[in-house]
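Beneath this line is the structure, given in structure tokens, with notes to follow.
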Amino acid sequence: MEVNKDGKKRVLLVDDEDRIVNFLALKLKVSGYQVICANDGEKGLELARTASPDILLLDVIMPGIDGLEVLRRLRKFSNVPVIILSAKERISEEVFALGANGFMSKPFNPDDLISEVKTLLQPPLGK
């Protein structure tokens, strides 16, 4: 996993709710991550291709293409870890079938999210 020149892992946060984006971006930055944000699925996919994120935090309900479609398209060109953030609890099986690595139901404890990000970004044992 590539580390940025400043030594920080890069998190791509895709959510259309500014309040959530601003809060989580601050929480992630304070926790030592570089944060890139997108407020819709199209921009999120574009940044997933061009910004080389180490992990993607993805909301499901967004205008335009939703998070599930973003995940479908993303998996055609990237294996980056993805944590789905959604108020729709009943879709967890579907998101894992599409290739998500984690699922958090809104509202969630931001410290739990940071812990999940940290876990998914740890290198495999023995490497």
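Any read-out appearing in this document is the output of simple, stated calculations on the displayed coordinates, not a laboratory observation. Remember, it's a predicted structure, so these values are computed and weren't measured experimentally. Note: ideal-geometry Cβ built from the backbone for every residue, glycine included; neighbour counts use all protein chains shown.
Near the amide H of Val80, within less than 5 Å, lie no amide hydrogens of residues on another chain or at least 5 residues away, with H placed in the peptide plane.
The H on the amide N of Phe103, modeled in the peptide plane, is under 5 Å from the matching H of Ile84, each at least 5 residues off or on a different chain. Each residue of the range 114-124 was assigned a 3J(HN,Hα) from its phi angle through the Karplus expression (A = 6.51, B = -1.76, C = 1.60, θ = phi - 60°), giving 4, 4, 5, 4, 4, 4, 5, 8, 5, x, x Hz with x at Gly and Pro. The amide H of Leu13, built 1.01 Å from its N in the peptide plane, has Ile36, Cys37, Ala38, Leu57 as neighbours under 5 Å, considering only residues 5 or more places off or on other chains. Computed from backbone phi, the HN-Hα couplings of the range 26-32 come to 4, 4, 5, 4, 4, 7, x Hz, rounded to whole numbers (Karplus: 6.51 cos²θ - 1.76 cosθ + 1.60, θ = phi - 60°; Gly and Pro given as x). For the pair Thr50 and Arg72, what calculated FRET efficiency results from E = 1/(1 + (r/R0)^6), where r is the Cβ-Cβ distance and R0 = 25 Å, to the nearest 0.05? So, using R0 = 25 Å, E works out to roughly 0.85.
Each of (1) 20, 16, 15; (2) 29, 15, 13; (3) 23, 17, 13 is a candidate for semi-axes √(5λ) of the Cα gyration tensor in Å; the one calculated from this structure is (1). Among the lysines of the chain, pairs at least eight places apart or on separate chains and with Cα atoms under 18 Å apart come to 14.
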